[in-house]
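For reference, the structure discussed in these notes is given below.
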Amino acid sequence: MKQETKYQIEVIAPKHRHMSNWDMFATWIGANANNGTWYVGGVLAACGLLTALKVIIASSTLSYLCLSLVGFMGYKTGAATMSLIRGSFGVRGSYVPSFVNLTQYIGWTAVNTFIAATSVSYLLHDLVGWPIYGQPGGAKGLISGIIVMSILHLLSVSVGQKSVQMIERVGIVLVILFVLWETVVVFRTVSFSQLLAWQAPTKLHMTAGAGMDTLAAFNLSWVTAGADFTRFTPKRSGATGMPFLGAFTGLFWFAFIGLAATMSIAITSGTYDPNNSDPSTIASRLGLGVLALLVIVLTSMTANAVNLLAAGSALSNIFPRIRLRPALWAVTVIATLVTLIPLIMGSFLAAFTAFLDYIGMVLGPMISVLLVDYYWRHHQHYDVNELASSQGQYWYHHGVNWIALGCWVLGVVIFLLLKQVTLIATVLGATFIDMVLIALIYMGLMRIFYPLKTTPA
């Protein structure tokens, strides 16, 4: 049995599931009611208000339907997403998507930490007179902010999933109050008709297709963490409806306020600079004060609690002997180091754009394979015991389903090719078309090479 222990997974039994529907809603609204969502909204301002709103609704709806589907998988099996992905990629093959998940959630933690650290630099400027980040000597305040945020993150994940749940319960109330306040301030500054009429300079304009792909990369990031949380809820509605409603509400609200706030600064100042879409800069220019900056720091904690738990789960799937709590500590330390990358590159926007390009390519086809395998091929039934076995149906060829890995690589190639088609690049976006194509290709190849002899009960 030594071989079997190597691939063990954690399954949460129904009697140990304690997250209510409110907890699940709070978790997912908190996941999106944060600095990164605000920043993405500011970037989407380059599309214009109406186009940006259409992109937000369309991309979020499609992405969070996928989140609900993965959420049901966690509820049905009690296993985390990267454990469930063994069913399609193979017990050993799952290490590849687990590594992708690990890198993307560490990346999102770094993104939110950098934005929150910028807020800390503004706080230090107000309290002790240090230069703001972006001014000569401002790196001192930013690095201090990164250290402060990393300590807070270590505390937030100190007791695993329960501490995440506690943070979300407290944070959600303050986040809602803050965004209401921000909404009032923005619309005191500019009118809706002014926002509707404003357009970004031609050289900075973003097409609807580019906006779809940008937001899809952001939204799909949560899909591969879905089951990590829904396995803790005893209700089907908590696993499917609450993640969709929470994630969509948080995304729409915060992306819209980031969109509107960025536009309001552009209208009143006469200059649009997507580099200044971060909430700290906007809050400072709108005169929101120290309290707003403190809430921005808090929203980073609520979002990164989810990011770090997902990254820790991915690390535990790659190295099963590492238990969740030390895995959470490890990914927190790694994320702290990654947060320094924009300082090296010299531009947070450049680093953020490169990061979105990476996850946009790799997540879509991976999610397609995961969903098609569970819902079409296995008819919503995985034997969780065999997910940890080197003798079962999910072992494939030496532990790897090369068809799944091949489709994933093909999906990356197709995504890059679709981006060269004018209609797709400018209007539709490549992400969801790529996902549909990979779903069909995977279904066809698995029917040929791995036909199921019996239909699972």
Completion exercise
FRET efficiency (Thr268, Ser20; Cβ distance; R0 45 Å; to 0.05) is 0.55
Fill in the blank from the handout: Farthest towards the positive end of the dipole of the chain, among His16, Ala247, Ile115 and with Cβ unit charges of +1 on Lys and Arg and -1 on Asp and Glu, lies the Cα of His16
Handout entry: Label-point separation in nm, Asp383 to Arg321, each point 7 Å along Cα→Cβ
Key = 2.8 nm
Fill in the blank from the handout: Burial-style ranking of 439-447, 356-364, average other-beta-carbon count within 10 Å with highest first, yields 356-364, 439-447
Handout entry: Whole-number accessible area per residue in Å² for the chain, which is evaluated in the context of all protein chains at 1.4 Å
Key = 39 Å²
Practice task
Pairs of Cα atoms under 8 Å, at least six residues apart: use those to get the relative contact order of the chain, whole percent.
Solution key: 33 percent
Fill in the blank from the handout: Computed over the chain: longest principal axis from alpha-carbon atoms vs helix 402-418 long axis, angle to nearest 10 degrees, is 30 degrees
Problem - Gln391 versus Thr422: modelled label distance in nm, points set 7 Å from Cα along the beta carbon direction - result: 6.1 nm
Handout entry: Globularity ratio of segment 377-431, using Cα Rg and 2.2 N^0.38 Å
Key = 1.69
Completion exercise
For the chain, the longest principal axis of the Cα atoms and the Cα long axis of helix 35-44 enclose an angle in degrees, to the nearest 10, of 80 degrees
Practice task
State the percentage of accessible surface on the chain attributable to carbon and sulfur atoms; use a 1.4 Å probe and exclude ligands, DNA and RNA.
Solution key: 69 percent
Exercise for the section: Could you work out how far helix 208-223 tilts from the main Cα principal axis of the chain, as a 0 to 90 degree angle to the nearest 10? Expected result: 60 degrees
Exercise for the section: Could you tell me the convex hull volume per residue, in Å³, taken over the Cα atoms of segment 364-457? Expected result: 94 Å³
Practice task
Kindly provide the helix-only [θ] at 222 nm of the chain, computed as the sum of -39,500 (n - 2.57) over DSSP H runs of four or more divided by all residues, to the nearest 500 deg cm²/dmol?
Solution key: -23500 deg cm²/dmol
Exercise for the section: Would you please give the residues with an amide H less than 5 Å from that of His397, counting only those at least 5 places away or on a separate chain, with H modeled from the backbone geometry? Expected result: Trp402
Exercise for the section: Go through segment 1-106 and name the trypsin sites (Lys or Arg not before Pro) that are in a DSSP coil and have 14 or fewer other Cβ atoms within 10 Å of their Cβ. Expected result: none
Exercise for the section: Figure the gain on full extension for Ser144 and Val184 (residue separation times 0.36 nm, minus the Cα-Cα span) and round it to one decimal in nm. Expected result: 11.3 nm
Exercise for the section: Using only the Cα atoms of segment 178-246, build the gyration tensor, take square roots of its eigenvalues as a ≥ b ≥ c, and label the shape rounded, prolate or oblate: rounded if a/c is under 1.5, else prolate if a/b is larger than b/c, else oblate. Expected result: oblate
Handout entry: FRET efficiency, 1/(1 + (r/R0)^6) with R0 51 Å, evaluated for Leu445 and Thr353 via beta carbons
Key = 0.95
Fill in the blank from the handout: Over all pairs of different Cα atoms in the chain, the reciprocal of the mean inverse distance gives a Kirkwood radius in Å of 22.2 Å
Exercise for the section: Starting from the Cα of Leu343, step 7 Å along the direction of its Cβ; do the same at Leu155; then give the gap between the two resulting points in nm. Expected result: 2.2 nm
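The values are calculated or read from the model by the stated rules, or taken from the named source; none is laboratory data. Everything numeric here is computed off the predicted structure, so don't read it as measured data. Virtual Cβ from ideal backbone geometry, glycine too; neighbours counted across all protein chains shown. Only protein heavy atoms, including side chains, enter the accessible area calculation; ligands, DNA and RNA are left aside. Shrake-Rupley method; radii C 1.70, N 1.55, O 1.52, S 1.80 Å.
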